[in-house]
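Inspection log for the structure reproduced underneath, given as structure tokens.
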Amino acid sequence: MSGRGENPVAPAIRVTDLTVAYGDKTVLWDIDLEIPKGSMVAVVGPNGAGKTTLIKSIQGLLPRVAGVISIHGKPYEKQRKEVSYVPQRGSVDWDFPTSVVDTVKMGSYGDLGWIRRPGRKEHEKALGALEKVDMLEFAQRQISQLSGGQQQRVFLARALVQSASVYLLDEPFQGVDATTEKAIVTILKELVAGGKTVLAVHHDLNTVSEYYERIAILNVGLVASGRVEDVFNSENLMKAYGGKTSFFPERKAARRAV
Amino acid sequence: MLEFAVELFSDYTARTILLGAASLGVVSGVVGSYAVLRKQSLVGDVMSHAALPGIVLAFMIVGVKEQLPIFIGAALSAVLAVFVINLVTQNSRIKIDSAMGMALSVFFGLGLVLLTYVQRMPDANQAGLDKFLFGQAEALVEKDVLIIGLTGLFALLVVGLFWKEFKLLCFDPDFGGTMGFSMKSLDMLVTAVIVSAIVIGLQTVGVVLMSSMLIAPAVAARQWTGSMGSMVILAALIAAVSGVTGVALSAGFENIPTGPAVIVCVSVIAFFSVLFSPNGFFTLKFKDARSRREIKKDYVLKVLHDLALEHDDPGYAHSERLLALGSEKGFNVKKSLWALQTAGYVESVGEDNWRLTQSGIHEVKKLSPLEKGR
Ligand SMILES: Nc1ncnc2c1ncn2[C@@H]1O[C@H](COP(=O)(O)OP(=O)(O)OP(=O)(O)O)[C@@H](O)[C@H]1O
Ligand SMILES: [Mg+2]
């Protein structure tokens, strides 16, 4: 099922000359990035590299100094409905007085537009998404009573309700246990298998090769981007992380080959 | 006092005043919930204090104590304060809390200076402009209540229409932004609604205490419920009851301005809620103590069982002293044993010796911590 506004040849996401600054501090510098449709992409880089900033500025949440973002060949502003967002879990107040299912329903607000309230259809959809992330039994629970992994699942369910074709996730595996991580990866891989595009900020370099086909290595500038086999190597990681990295993809690959 | 209250409720003027206080309560309860949910309690405080110079200036310009100009003046200077705060924080290194503190003192100070000046002017009787400091609901007339009602209706209408958008704004504005809702416009709309609540509270509660009228009911309501809808409704109810009670109280005791009387009522409810609601301080302490007692009981039961197993006889009796060994100081084994005895799980045999009963043995089997956890 191709989305509403897809151009079959254009990349799912194209970022051209993106530069973003907070005050006088440049956080992203002249980023050019193309994400082909139907790929699963990791964004890696040290703390403060600008990964969150990249995800946010793709969606126009931050003022850009320069740059153009297009989704399936059209400007982002016309393609909002094609993009789903899973923010960093810590970015909201989980003590907020609302239930799990109502939180998931927020994913349908965009389609509803101004003023119209969610109804039965939206409720069913939210329950469906909760079932996908294996959280159906928690539907009526207060969000303040969820564990970190459950919070992450709720956020994912909310994004699923948006039924977009491009998913942007900010550290979806942060502070979740191995079971939840596997469950989330499975869902993301299903999305990709269905022709969707997934871009996720990722911190654990050990699992990059296992989870993703493509990678973008970032540190203010874009160090490298492409297929994991081609660009996920110690040279590029050294460039991004400085001498601080002790992770060498080549060795791991060699070990696996033995 | 009681006679007085009866008189108050049967008198037409009094009913008008009480109606005004109740409407004000409903509106500030609803609107204040948003200030609390957005963690912007301080903004309400700044805005209500900042209304003062606008009130006095409007009076100076118009020359009579006319309602509408005063409301507009109040609203304008409250909004101006917010605007100044944004301007300062966006263009300097000054943090938001310092900026708010400065805005509050500068605006309120200016207001007081102007007020003093106006009151020295010879002709005008100044018709008690100082009533706006602490509120004087007795001065409310039918026309005032009408304006309060209409402004309040506007605020409630906005909240009703943009319910889901405001929820996004409070919970996850970034996410709302990605769905194409203009968070900036919504932010302004919420500010407008808060300002209208402040404006209609000027006569009844006054600028000094108006922020408590916004914040306290919402804080109290939040303690009792986990749903935003019921929180808003409950806050409205709490504020309305406090408004009416406060006005009645202040009329009963001469010389108490209505503002403080209303706020005392709200504060009592808020205080009670924070201490005794299901998530309140004492309730949690009590629950804590109770679950600790339960766990201790289970623990003693388990120890009794484990020791008995060593003798290959689930009903083997042990001395209380043996049971107390290895457990922490202050762990009153006897208390737990008594409780278990009452439940029929253990029985005492001879002097201070205890053993499991049949139902106790049965109970131990259910004691897997995983089973209890869910
Ligand atoms: N609101 C802000 N104001 C000023 N500077 C900011 C702001 N948000 C982020 N920054 C700065 O921008 C840089 C990039 O931040 P960003 O959050 O995008 O990093 P990140 O790669 O997501 O880091 P992390 O791995 O820690 O999540 C950091 O140096 C940070 O200090
Ligand atoms: Mg980040």
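Only residues that are within 13 Å of chain B (Cβ to nearest Cβ) and surrounded by 15 or more Cβ atoms within 10 Å (Cβ to Cβ): list them for the stretch A:127-143, please.
Scanning the stretch A:127-143 gives A:Phe138, A:Arg141, A:Gln142, A:Ile143.
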Practice problem: Output the residue which, of all residues in the stretch A:156-176 that are part of a helix (DSSP H, G or I) and more than 12 Å from every other protein chain (Cβ to nearest Cβ), is nearest to ligand 1 (Cβ to nearest atom). | Solution: A:Leu156
Self-check item: Identity of the residue in the stretch A:97-121, more than 10 Å from chain B (Cβ to nearest Cβ) and buried (at least 16 other Cβ atoms within 10 Å of the Cβ), that ends up farthest from B:Ser230 (Cα to Cα)
Solution: A:Val104
Exercise. Output the residue which, of all residues in the stretch B:222-263 that are surrounded by fewer than 22 Cβ atoms within 10 Å (Cβ to Cβ), more than 14 Å from chain A (Cβ to nearest Cβ) and modelled with pLDDT of 95 or more, is nearest to the chain's Cα centre (by Cα).
Key: B:Leu237
Practice problem: Could you check A:Glu171 against (1) within 12 Å of the chain's Cα centre (by Cα); (2) crowded, with 24+ Cβ neighbours inside 10 Å and say which number it fails? | Solution: (2)
Exercise. Have a look at B:Leu275, B:Leu214, B:Leu249, B:Leu284 and point out the one that is touching a residue at least 40 places away in the same chain (Cβ under 8 Å) and in a helix (DSSP H, G or I).
Key: B:Leu214
Quiz item: For A:Ala200, all conditions in the list (1) buried (at least 20 other Cβ atoms within 10 Å of the Cβ); (2) in contact with an Asp or Glu (Cβ under 9 Å, 6 or more places away or on another chain); (3) within 14 Å of chain B (Cβ to nearest Cβ); (4) not basic (Lys, Arg) hold save one; what is the number of the exception?
Solution: (3)
Quiz item: Which number in (1) within 16 Å of ligand 1 (Cβ to nearest atom); (2) surrounded by 19 or more Cβ atoms within 10 Å (Cβ to Cβ); (3) outside any strand (DSSP E or B) marks the one condition that A:Tyr85 misses?
Solution: (3)
Quiz prompt | Total residues in the stretch A:227-246, condition in a loop (DSSP other than H, G, I, E, B) and at pLDDT 70 or above | solution = 2
Quiz item: Is it fair to say A:Lys25 is basic (Lys, Arg), within 16 Å of ligand 2 (Cβ to nearest atom) and over 14 Å from the mean Cα position of the chain (by Cα)?
Solution: yes
Exercise. Tell me which of these A:Thr179 doesn't satisfy, since it passes every other one: (1) away from every other protein chain (no Cβ under 11 Å); (2) crowded, with 19+ Cβ neighbours inside 10 Å; (3) polar (S, T, N, Q).
Key: (2)
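Any idea which residue in the stretch A:73-82 is surrounded by the fewest Cβ atoms within 10 Å (Cβ to Cβ), counting only those that are within 12 Å of chain B (Cβ to nearest Cβ) and touching a residue at least 60 places away in the same chain (Cβ under 8 Å)?
Filtering first and then ranking leaves A:Lys78.
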Quiz item: Hey, among B:Ala14, B:Ala58, which residue is within 28 Å of B:Gly252 (Cβ to Cβ), in the same structural domain as B:Ala270 (by TED's automatic domain parsing) and modelled with pLDDT under 95?
Solution: B:Ala14
Exercise. Could you pull out the residue among A:Ser57, A:Ser147, A:Ser70 that is surrounded by fewer than 17 Cβ atoms within 10 Å (Cβ to Cβ) and either away from chain B (no Cβ under 11 Å) or within 16 Å of ligand 1 (Cβ to nearest atom) (or both)?
Key: A:Ser147
Quiz item: Only one of (1) within 14 Å of another protein chain (Cβ to nearest Cβ); (2) among the hydroxyl-bearing types (Ser, Thr, Tyr); (3) assigned to a loop (DSSP other than H, G, I, E, B) is not met by B:Thr204, so which one is it?
Solution: (1)
Exercise. Considering each residue of the stretch B:280-315, count those that are of a type in the set (Phe, Trp, Tyr), surrounded by fewer than 16 Cβ atoms within 10 Å (Cβ to Cβ) and under 16 Å from B:Val346 (Cα atoms), and give that number.
Key: 0
Exercise. Check A:Glu181, A:Glu131 and return the single one that is acidic (Asp, Glu), over 30 Å from A:Pro46 (Cβ atoms), part of a helix (DSSP H, G or I) and more than 16 Å from ligand 2 (Cβ to nearest atom).
Key: A:Glu131
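Listed residues B:Gly176, B:Gly149, B:Gly180; which is assigned to a helix (DSSP H, G or I) and closer than 30 Å to A:Gln162 by Cα?
None of the other options fit; the residue is B:Gly176.
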Practice problem: Determine whether the stretch B:114-135 contains at least one residue that is basic (Lys, Arg) and away from every other protein chain (no Cβ under 14 Å). | Solution: yes
Practice problem: With respect to B:Leu168, determine if the residue is within 23 Å of A:Val86 (Cβ to Cβ), aliphatic (A, V, I, L, M), assigned by TED's automatic domain parsing to the domain that holds B:Val56 and not in a loop (DSSP other than H, G, I, E, B). | Solution: yes
Quiz item: Got at least one residue in the stretch A:31-54 being within 20 Å of B:Met183 (Cα to Cα), surrounded by 16 or more Cβ atoms within 10 Å (Cβ to Cβ) and away from ligand 2 (no atom under 16 Å from the Cβ)?
Solution: no
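The values are calculated or read from the model by the stated rules, or taken from the named source; none is laboratory data. Keep in mind that this is a model prediction, so the values were computed, not measured. No Cβ is skipped: glycine too gets one built from the backbone with ideal geometry, and neighbour counts run over all protein chains shown.
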